[in-house]
1. Pull up the stretch A:69-112, narrow it to residues that are within 14 Å of chain B (Cβ to nearest Cβ) and small (Gly, Ala, Ser), then point me to the one that is nearest to residue B:34 (Cα to Cα).
2. Looking at A:30, A:89, which one is of a type in the set (A, V, I, L, M, F, W, C), over 21 Å from residue A:185 (Cα atoms) and in a helix (DSSP H, G or I)?
3. Does any residue in the stretch A:181-210 that is within 19 Å of residue A:139 (Cα to Cα) come within less than 6 Å, Cβ to Cβ, of a residue that is of a type outside the set (Lys, Arg) and outside any helix (DSSP H, G or I) six or more places away or on a different chain, and which pairs are these?
4. Checking residue B:99 against (1) at pLDDT 90 or above; (2) crowded, with 17+ Cβ neighbours inside 10 Å; (3) facing chain A (nearest Cβ under 9 Å): exactly one of these is not met. Which one?
5. Test residue B:42 against the criterion of being surrounded by fewer than 18 Cβ atoms within 10 Å (Cβ to Cβ), among the charged types (D, E, K, R), away from chain A (no Cβ under 11 Å) and out of contact with any Phe, Trp or Tyr (no Cβ under 8 Å at 6 or more places or on another chain), and give yes or no.
6. Name every residue in the stretch B:171-182 that is assigned to a helix (DSSP H, G or I) and either of a type in the set (Ser, Thr, Tyr) or surrounded by 23 or more Cβ atoms within 10 Å (Cβ to Cβ) (or both), in order of residue number.
7. Can you tell which of B:55, B:81 is closer than 30 Å to residue A:130 by Cβ, over 20 Å from the mean Cα position of the chain (by Cα), aliphatic (A, V, I, L, M) and within 14 Å of another protein chain (Cβ to nearest Cβ)?
Amino acid sequence: MSTLQFFLNNGTEIFARALEHLWLVAVALAMALLAGLPLGIALARRRVLRRWVLGAANVIQTVPSLALFGFLIPVPFLGGIGATTAVVALTLYNLLPILRNTYAGIAGVDPAVLESARAMGMTPRQTLWQVELPLSVGVILAGVRVAAVISIGVATIAAAVGAGGLGVFIFRGVAMVNHAVILAGAIPAAGLAVAADLLFGLLERRLSPR
Amino acid sequence: MLADLSLTVARGETLVLLGRSGAGKTTALKLINRLLEPSEGEILVGGRRQADWEVVRLRRSIGYVLQDVGLFPHWTVERNVSVVPRLEGWPEDRARRRVREMLALVGLNAAEFAARLPRELSGGQRQRVGVARALAADPPILLMDEPFGALDPITRAELQREFRALAQRLEKTIVLVTHDIREALLLASRIALLAAGRLVGIYRPEEFLRAPEAEARAFARSLDAGTDAPPVTSHPGGGP
């Protein structure tokens, strides 16, 4: 059976798996933002913490993805078979780029501008929302972009822990030694990654102040 | 940084803090709006001890202009100038009106400049916007840290002259930091000379060139050797 034919015959399932895939990635991205943004801001304020936290995030990044999924399976609440494990693992992977870029963005704001914000009588909260975040949004989004692209790739492994997604085709295709089935997972996944890259790239240019 | 500094700035005067780099001028200035805290001693603003002011309140009632201006690079001129009025919760239309008034005051056409970003301005225009921003909420006190230091000599002279007229008209209490003796003589009601963190003396501009202190002599001599001035021999009075 040709690849094209497989695509045509299984269009509905491919589409459903792609949505599943996107959902895993989107939830993990949201969780990583929820944790990474405040943590990154805190790191820029208390630079003593920086080495430890960025170090920890770096170590997580070096764990091979299949191994990380495997490690999580026996963990209560976070692990097990299914989407939760996948989302937790993807969140951990997303954390480093988001954390690092948030820190770099905030720490990179011109000190003269910060002093001027203080001198104008802005409270620290006003300085954060009106000056620091708007000025670092480009750098932060660059981190989100990297996280999104990486996790769309890594999420194909999620099928190994029963979380579904486009990886289902890839694992099935490998087991069947059938290229058409592998490509039914690999091509849409690559397409999603390219689309995410373009989307966040656009957003980055739109929102960047300089 | 500073030791035994005791100074009173009278309402409506322009006090210039003059000194070499590292003399403690900027430190002294930042103590006034509590960008820095004194290790000992106290500072009264408007007759009230600083501890009795809420710090945000204190800063919003003191205009501040720095060298390189520190305009917010992501905001238009309009938004930059209206920053303190907006923090103070002025209604939109009043803030807008105020921006136009302030831009006119510093000689910028609002229709042309209000929507520009700081990077789309020349150095002199940025400096004007910085002054407009500092004056927007009509603070009684204005602090200026080498406000004209980063400009070319011609623009600097132009802005200094305009600012002198403006200061006389506005009746603000102004503390201005500079290492430029010409600027001090041009703008000051009184000059406080600092050296190595200590106050050397306070002079009226006309007294300064006759002051006996070594540091004051050094500054007076630098006038003759000034880079903008013609050679000493062909320079009649040597004064401003």
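1. A:112
2. Of A:30, A:89, the one residue that is of a type in the set (A, V, I, L, M, F, W, C), over 21 Å from residue A:185 (Cα atoms) and in a helix (DSSP H, G or I) is A:30.
3. Short answer, once both residue conditions are applied: A:209/B:74.
4. (3)
5. So residue B:42 fits the description; yes.
6. Selection gives B:181 alone.
7. Among B:55, B:81, only B:55 is closer than 30 Å to residue A:130 by Cβ, over 20 Å from the mean Cα position of the chain (by Cα), aliphatic (A, V, I, L, M) and within 14 Å of another protein chain (Cβ to nearest Cβ).
Yes or no, residue by residue, for (1) within 20 Å of residue A:115 (Cα to Cα); (2) of a type in the set (Gly, Ala, Ser); (3) touching a residue at least 24 places away in the same chain (Cβ under 8 Å):
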{"residue": "B:15", "(1), (2), (3)": "no, no, yes"}
{"residue": "B:24", "(1), (2), (3)": "yes, yes, yes"}
{"residue": "B:63", "(1), (2), (3)": "yes, yes, yes"}
{"residue": "B:73", "(1), (2), (3)": "yes, no, yes"}
{"residue": "B:94", "(1), (2), (3)": "no, no, no"}
{"residue": "B:101", "(1), (2), (3)": "no, no, no"}
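The values are calculated or read from the model by the stated rules, or taken from the named source; none is laboratory data. Owing to the predicted nature of the structure, the values given are computational and were not obtained by experimental measurement. Here Cβ is always computed from backbone atoms with ideal geometry, including for glycine, and neighbour counts include all displayed protein chains.
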